[in-house]
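The values are calculated or read from the model by the stated rules, or taken from the named source; none is laboratory data. Note that the structure is predicted; figures quoted are calculated from it, not measured. So basically every Cβ, Gly included, is an ideal-geometry build from the backbone, and we count neighbours across all protein chains shown.
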Amino acid sequence: MDMVKKYEEIHFVDSTKKVWNYSFFTEEDVRNFQQGTHYRLYDLFGSHEVEVLGTTGYYFAVWAPNATYVSVIGNFNDWNPTIHPLYVRLDSSGIWEGFIPALPKGEVYKYHIDGFKGAKSDKGDPYANFWEKRPHTASITWNLNYTWKDEAWMKTRGRHNTLESPYSIYEVHLASWMRPNKHDEESYNTYDQIRELMVPYVKEMGFTHVEFMPVMEHPFDGSWGYQGTGYFAPTSRFGDPQSFMELINAFHEAGIGVILDWVPSHFPYDAHGLFMFDGANTYEYADMRKGFHPDWNSYVFNYKRGEVKSFLISSARFWFDKYHIDGIRVDAVSSMLKLNYSRTHGQWEPNEYGGDGNIEAISFIKDLNETIYRDFHDVQTIAEEATDWPGVSRPTFGNGLGFGMKWMMGWMHDTLDYFKMDPIYRRHYQNKFSFSMMYYYDENFLLPLSHDEVVHGKSPMIFKMPGDNWQKFANLRTLYTYMFTHPGGKLLFMGCEFGDTSEWNYKSELQWNLLQFDSHRGLKDCVRDLNNLLRNEPAMYENQFNIYGFEWVDLNHPAECVVAYRRKGKDPANDLLIILNLTPVARHDWKVYTHGKSEWREIFNSDAKQYWGTGDVFNPEILTTCLDKNDNMYEINVHLPPLGAVVLK
């Protein structure tokens, strides 16, 4: 009713028609939409339940600038395109709108469009809040009424989402995390069941955030959600929008943030989607050198067009506004920035300055980040960007792109290359291990071990490790210790925390039965305790994105493959010393030399029995010797387990 009052001066009703000529839009709305500066379009476009002249129904609005006729079709009119035609605005905006009285919530609908050069199509609503479950493709009239119960989280979430807080993400594909029937790919837990199962598990494991691979509506399971059609709707595979809100609310009540994967880089060619929406290249570039994505057989948004820019930034803002999310991870940023991404000579055209940057995409990304951080200052935007593009996570006023964090793909590749190696050869490749800190301070980096590393023949994490079964688990525990004690945010894909022995398959579920074995249960407990270490030790996060938080202590023993480094918080009393032994040889009475501390104790050992380690090499007491009082230099005598890591405080 408030929205009706807001726009009551500009609606025009002819109650004798089956569709009443009624508008939500002001001239300013239209102008901002066209200029690419309207970021609340979800309040205007789509279908909205309103009351007009005492009659409840649904108002519809769709942008189809090349259309000659648009109508709403559905079961309520036997899909007859002549019964409920929309009115086109007379301002050349290409907006078609109207109010259908007495239309109830829950009706399926599409837009029938007579488009460019007589093309006819039936399209889903780009702004729909709810869709039919695939393979059906219609939109559904709905509302987003919900009573949130996460006030405590929302008031204080800045403490959890800041760059000076622990940031450990559990990446999840909702369909395949766990299924009612693990052998049936059509078997889904509902949002409510996921809430009951996943929230306590993530809480137990100590992750600070979950990240959902795209939950926005998408037609093909095999795209994992990365080729979407519903930019304002959670997928109906698991339930309705309110059930998804309840899932997010439950994570918040458990003190866990929620991040969504969001895909503004491309969209599929499904007939009911955005492609050739009104018979012309409305959402995509018309020049296929820019408009077609060769890697994914999909289409690229036209970032130069104001209406498309308004659509995309409204989509991102929608999830923060209506669903209380704590961050977005923006997929495939590299493909947006580069005109020659996956294109060879002759398949792309330089920009107006002769370069390979997509100038309008760069502008779009900057505006996206400025808008999100302006309106939701206590959240994060994260870029999946794999090139050396400068300033991805630097402020736009400093000529950066404005993201809060960027995936550290170089760290991921070098680390996996190193740990895949037989320990006998590691002595020659210490530079792979240590190189990350040479460029770490260029960005606010997040360390990802994501779904991309356990698919398409890359093998699960446990089988990337060399050696016999014991050595594989020991190596993986040490790798995770290195990851969690390295500066930056962390991301771990589901199943990696307990050593799933199969590559991830979206058609099945994780191998939860492996937790009956001590080795897998021990690895899971190790990850849990690393999360707790991250959360409880300020040295692990207070300075995680600046030069004061890290110091190499010992890189002088490549032959023995022992490295040591220090993590430092704001109070030197909280400093941690991490020592990694990257060969299967136990090293007793190992000497480490460092400044400023006369007493140390072991607070974590990856070789502990509860983690399926030997439990034979540990440090109940640590001998320190002062070597130079003036320089405050000490010798620390410590025992190092084979293929193990110790953390001292």
Being in a helix (DSSP H, G or I) and hydrophobic (A, V, I, L, M, F, W, C) is the filter here; which residues of segment 316-350 pass it?
316, 318, 319, 320, 333, 336, 337
Options 332, 383, 316: the member that is buried (at least 17 other Cβ atoms within 10 Å of the Cβ), out of contact with any strand residue (DSSP E or B) (no Cβ under 8 Å at 6 or more places or on another chain), small (Gly, Ala, Ser) and within 23 Å of residue 210 (Cα to Cα):
332
What tally of residues in segment 506-519 results from selecting those that are in contact (Cβ under 8 Å) with a residue 60 or more places away in the chain and over 30 Å from residue 237 (Cα atoms)?
2
Applying the selection to segment 360-371, what residues are closer than 26 Å to residue 439 by Cβ and either in contact (Cβ under 8 Å) with a residue 60 or more places away in the chain or buried (at least 19 other Cβ atoms within 10 Å of the Cβ) (or both)?
361, 365, 368, 369
Test of understanding: among 336, 288, which residue is over 26 Å from residue 407 (Cα atoms) and not assigned by TED's automatic domain parsing to the domain that holds residue 67?
288
Restricting the search to segment 595-607, which residues are modelled with pLDDT under 95 and either among the basic types (Lys, Arg) or within 23 Å of residue 427 (Cβ to Cβ) (or both)?
597
Within segment 137-145, is even one residue under 14 Å from residue 251 (Cβ atoms) and hydrophobic (A, V, I, L, M, F, W, C)?
no
Do the conditions hold for residue 47, that is, is it modelled with pLDDT of 80 or more and closer than 21 Å to residue 322 by Cβ?
yes
Taking only pairs six or more apart or across chains, which ones have beta-carbon atoms under 7 Å, a first residue in segment 379-390 that is outside any strand (DSSP E or B), and a second residue that is modelled with pLDDT under 95?
none
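Results for (1) of a type in the set (Gly, Ala, Ser); (2) on the phi > 0 side of the Ramachandran plot; (3) surrounded by fewer than 16 Cβ atoms within 10 Å (Cβ to Cβ), shown as yes or no for each residue.
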site	(1), (2), (3)
586	yes, no, no
593	no, no, yes
599	no, no, yes
605	no, no, no
612	no, yes, no
615	yes, yes, yes
620	no, no, yes
624	no, no, no
629	no, no, yes
Of the conditions (1) buried (at least 19 other Cβ atoms within 10 Å of the Cβ); (2) closer than 23 Å to residue 407 by Cα, the single one that residue 547 does not satisfy is (1)
Per the filter on segment 610-642, residues within 20 Å of residue 533 (Cβ to Cβ) and either assigned to a loop (DSSP other than H, G, I, E, B) or free of Cβ contacts under 8 Å to residues at least 40 places away in the same chain (or both) are 612, 613, 615, 617, 618, 619, 620, 622, 641
Matching residues, segment 435-485, being of a type outside the set (D, E, K, R), part of a loop (DSSP other than H, G, I, E, B) and out of contact with any strand residue (DSSP E or B) (no Cβ under 6 Å at 6 or more places or on another chain):
435, 455, 456, 457, 459, 460, 465, 466, 467
List, please: which pairs have Cβ atoms under 9 Å, are six or more places apart or on different chains, and start with a residue in segment 524-550 that is of a type in the set (Val, Ile, Thr) and end with one that is in a helix (DSSP H, G or I) and surrounded by 22 or more Cβ atoms within 10 Å (Cβ to Cβ)?
527/477; 527/480; 527/484
Looking only at segment 480-495, filter to residues that are of a type in the set (A, V, I, L, M) and crowded, with 24+ Cβ neighbours inside 10 Å; which one of those is nearest to residue 514 (Cα to Cα)?
494
Looking at segment 516-539, can you tell me whether even one residue there is crowded, with 22+ Cβ neighbours inside 10 Å, out of contact with any Asp or Glu (no Cβ under 6 Å at 6 or more places or on another chain) and not in a helix (DSSP H, G or I)?
no
How many of the residues in segment 391-421 are part of a helix (DSSP H, G or I), within 16 Å of residue 440 (Cα to Cα) and of a type in the set (A, V, I, L, M, F, W, C)?
3
For segment 247-264, does any single residue satisfy the condition of being part of a loop (DSSP other than H, G, I, E, B), in contact (Cβ under 8 Å) with a residue 60 or more places away in the chain, farther than 23 Å from residue 40 by Cα and of a type in the set (A, V, I, L, M)?
no
Report, by residue number, each residue of segment 192-244 that is among the aliphatic types (A, V, I, L, M) and farther than 23 Å from residue 491 by Cα.
233
For the condition touching a Pro at 6+ places or on another chain (Cβ under 8 Å), among the hydrophobic types (A, V, I, L, M, F, W, C) and not in a loop (DSSP other than H, G, I, E, B), what is the one hit in 70, 50?
70
Just checking, does segment 446-458 include any residue being at pLDDT 95 or above, outside the structural domain of residue 614 (by TED's automatic domain parsing) and within 18 Å of residue 550 (Cβ to Cβ)?
yes
Please verify whether segment 389-397 includes one or more residues that are touching a Lys or Arg at 6+ places or on another chain (Cβ under 9 Å) and within 26 Å of residue 603 (Cα to Cα).
no
